[in-house]
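The values are calculated or read from the model by the stated rules, or taken from the named source; none is laboratory data. If you're wondering where the values come from, they're calculated on a predicted model, not measured in any experiment. Here the Cβ is made from the backbone with ideal geometry for all residues, glycine too, and neighbour counts use every protein chain on show.
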Amino acid sequence: MKAEETRILWLFVFFDLPVGTKSERRVATRFRNFLKDDGYMMLQFSVYVRVCRGEDAAAKHILRVTKNLPPKGSVRALQVTDKQYGRMKLLVGQATKNERVAPLYRGTVVRQFAAPVTLPI
């Protein structure tokens, strides 16, 4: 990779937050709103993703998430390259509106299959 090239990375945030009480739902909603305001798009319920330009940007956004963590629940982050993200396959369902209008980097496309795919064991 050339020195002037910027490596495109995708940052996933997965979370499972308690929502049994009104205050827990409020905390979970605040966290989701923080993610949306920070440029994440919802990929699935409790799975948000954003594009980052390089390792430094990804580290900055992980730090932002860390500073906005809810007091209870489980939150995880996963960083993947643009090429790895491009190999993601949508097995059932439709791509969300956010996925269809998201900027495409170096040909990244979420592939859809009309019928369920059987994977070899």
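Does segment 38-58 hold any residues that are surrounded by fewer than 13 Cβ atoms within 10 Å (Cβ to Cβ) and farther than 14 Å from Phe15 by Cα, and which are they? Lay out the reasoning, then the answer.
Initially, segment 38-58 is screened for residues surrounded by fewer than 13 Cβ atoms within 10 Å (Cβ to Cβ), giving 44-45, 53, 55-56.
Of everything in segment 38-58, those that are surrounded by fewer than 13 Cβ atoms within 10 Å (Cβ to Cβ) and farther than 14 Å from Phe15 by Cα turn out to be Arg53, Glu55, Asp56.
Hey, could you check segment 13-30 for residues that are touching a helix residue (DSSP H, G or I) at 6+ places or on another chain (Cβ under 9 Å) and hydrophobic (A, V, I, L, M, F, W, C) and say which is nearest to Lys60 (Cα to Cα)?
In this case the residue turns out to be Val13.
Go through segment 16-37 and give me each residue that's charged (D, E, K, R) and surrounded by fewer than 16 Cβ atoms within 10 Å (Cβ to Cβ). Quick ask: steps written out before the conclusion?
Keep residues of segment 16-37 that are charged (D, E, K, R), which gives 16, 22, 24-26, 30, 32, 36-37.
If the condition is that a residue be charged (D, E, K, R) and surrounded by fewer than 16 Cβ atoms within 10 Å (Cβ to Cβ), then Asp16, Lys22, Arg25, Arg26, Arg30, Lys36, Asp37 are the ones that fit.
Residue by residue through segment 71-93, note down the ones that are over 14 Å from Ser46 (Cβ atoms), among the β-branched types (Val, Ile, Thr) and in contact (Cβ under 8 Å) with a residue 60 or more places away in the chain.
Val80, Thr81
List the strands (runs of 3 or more DSSP E) that sit entirely inside segment 6-121 and contain at least 1 residues that are among the small types (Gly, Ala, Ser) and at pLDDT 95 or above.
Numbers: elements: 8-16, 41-44, 47-53, 74-81.
Where strands (runs of 3 or more DSSP E) fall fully within segment 6-121 and carry at least 1 residues being among the small types (Gly, Ala, Ser) and at pLDDT 95 or above, they are 74-81.
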